[in-house]
Amino acid sequence: MPEIITPIITPFTKDNRIDKEKLKLHAENLIRKGIDKIFVNGTTGLGPSLTPEEKLENLKVVYEVTNKIIFQVGGLNIDDAIRLTKLSKDFDIVGIASYAPYYYPRMPEKHLIKYFKTLCEVSPHPVYLYNYPTATGKDIDAKIAKEIDCFAGVKDTIENIIHTLDYKRLNPNMRVYSGSDMLIVTVVSTGLDGNVAAGSNYLPEVTVAIKKMAMERKIEEALRLQFLHDEIIEASRLFGSLSSNYVLTKYFQGYDLGNPRPPIFPLDEEEERQLIKKVEGIRAKLVELKILKE
Ligand code: ELE
């Protein structure tokens with residue numbers, strides 16, 4: 001059964017600490033609205049800007065709400081990643097995940113393989129690969145994943161669906177998720193395992209509805225909704241989607257998630273106004289379709 005997984009936003013206070021109360025409230029709302037799992041410390045959660053202690057704090061807070069968690073531990077200090085992986089033994093979660101060690105150019109493939117194998121060796125839980133070549137500069141593709149040979153699953157953030165399908169072809173036992181919001185209908189139709197959808201932070205109702213329609217083979221209806229969702233995703237990119245996610249959650253879900261963490265700066269008032277203007281017509285359509293309440 002395909003799933004919608006939310007790469008959860010990390011709310012920060014004005015003095016730049018994790019706002020635990022807001023995070024918990026957000027996780028509760030997502031689970032209530034039918035989200036299957038929560039991906040903690042992802043891109044949308046501004047994972048690369050979090051200290052290891054903060055990554056663990058995020059896990060603890062979300063764990064108060066659900067144990068359907070994939071805990072992203074990656075970073076540039078492998079000792080921190082190993083420590084977080086080991087510490088996860090105290091939590092009965094779905095798995096741990098890591099993106100590739102980023103920044104360093106031209107890293108030999110051998111070293112990337114060693115990084116992931118090391119995490120697998122110490123992990124008390126299944127290990128998921130978070131592949132996001134645009135962000136990390138590294139593509140741990142299906143072939144390399146096969147060589148690493150210890151992944152329970154992958155979240156592949158890439159627009160090329162063949163690249164994502166290849167994981168299933170070469171590693172049939174892996175759970176394969178797309179990291180793109182725009183591929184929910186495609187993923188369900190091709191029999192993959194679901195989507196890790198940033199937009200499910202602010203429109204869990206829509207992402208869950210697209211999945212359900214596609215599962216019932218109401219493809220035309222599912223696509224219509226997918227395209228409305230895509231318009232919102234496009235709008236979110238105008239002023240930076242990582243910042244806009246906070247504004248859109250407030251607009252669609254009605255609660256404040258505080259601020260992002262600079263250098264992911266919050267939108268200014270004018271940008272907020274323009275963003276809302278772009279999406280309010282779509283909101284009205286979603287109400288008309290009875291996907292959202294008035
Ligand atoms: C995706 C990105 C994809 C979500 C995470 C996610 O945040 O951890 O704009 O499609 O490249 O990786 O949100 O963003 P686009 O899994």
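The values are calculated or read from the model by the stated rules, or taken from the named source; none is laboratory data. Everything quoted here is computed from the prediction, not taken from an experiment. Positions of Cβ are backbone-derived with ideal geometry, glycine not excepted, and every protein chain shown enters the neighbour counts. Quick note on the areas: whole protein, heavy atoms, side chains included, nothing else; ligands and nucleic acids left out. Shrake-Rupley method; radii C 1.70, N 1.55, O 1.52, S 1.80 Å.
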Quiz prompt | Counted residues, the stretch 134-174 - those being out of contact with any helix residue (DSSP H, G or I) (no Cβ under 9 Å at 6 or more places or on another chain) and within 16 Å of the ligand (Cβ to nearest atom) | solution = 5
Quiz item: Do you know which of the residues in the stretch 228-240 that are assigned to a helix (DSSP H, G or I) and open to solvent by 40 Å² or more (accessible area, probe 1.4 Å) is nearest to Lys211 (Cα to Cα)?
Solution: Glu231
Quiz item: Which pairs do you get when a residue that is under 20 Å from Asn201 (Cα atoms) and of a type in the set (Asp, Glu), found in the stretch 214-232, comes within reach of a residue that is part of a helix (DSSP H, G or I) and open to solvent by 20 Å² or more (accessible area, probe 1.4 Å), reach meaning Cβ atoms under 7 angstrom, with the pair 6+ apart or on two chains?
Solution: Asp230/Met182
Quiz item: Counting only residues that are within 16 Å of the ligand (Cβ to nearest atom) and not acidic (Asp, Glu), which one in the stretch 209-233 is farthest from Lys278 (Cα to Cα)?
Solution: Lys211
Exercise. Answer yes or no as to whether Lys155 is touching a residue at least 40 places away in the same chain (Cβ under 8 Å), basic (Lys, Arg) and either touching a Gly at 6+ places or on another chain (Cβ under 9 Å) or exposed (fewer than 15 other Cβ atoms within 10 Å of the Cβ) (or both).
Key: yes
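A quick yes/no check of all residues on (1) surrounded by fewer than 23 Cβ atoms within 10 Å (Cβ to Cβ); (2) more than 28 Å from Asn173 (Cα to Cα); (3) touching a strand residue (DSSP E or B) at 6+ places or on another chain (Cβ under 7 Å); (4) of a type in the set (A, V, I, L, M):
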position: Asn195; (1), (2), (3), (4): no, no, yes, no
position: Tyr202; (1), (2), (3), (4): no, yes, no, no
position: Thr207; (1), (2), (3), (4): no, no, yes, no
position: Lys212; (1), (2), (3), (4): yes, no, no, no
Quiz item: Does Val127 count as open to solvent by less than 40 Å² (accessible area, probe 1.4 Å), under 17 Å from the mean Cα position of the chain (by Cα) and more than 14 Å from the ligand (Cβ to nearest atom)?
Solution: yes
Quiz item: Could we say that Val187 is of a type in the set (Val, Ile, Thr), within 22 Å of Ile69 (Cβ to Cβ) and more than 12 Å from the ligand (Cβ to nearest atom) here?
Solution: yes
Exercise. Quick one: count up the residues across the stretch 63-74 that are in contact with a helix residue (DSSP H, G or I) (Cβ under 7 Å, 6 or more places away or on another chain) and away from the ligand (no atom under 14 Å from the Cβ).
Key: 3
Practice problem: Can you give me the number of residues within the stretch 101-120 that are open to solvent by 40 Å² or more (accessible area, probe 1.4 Å) and either within 22 Å of Lys68 (Cα to Cα) or of a type outside the set (D, E, K, R) (or both)? | Solution: 7
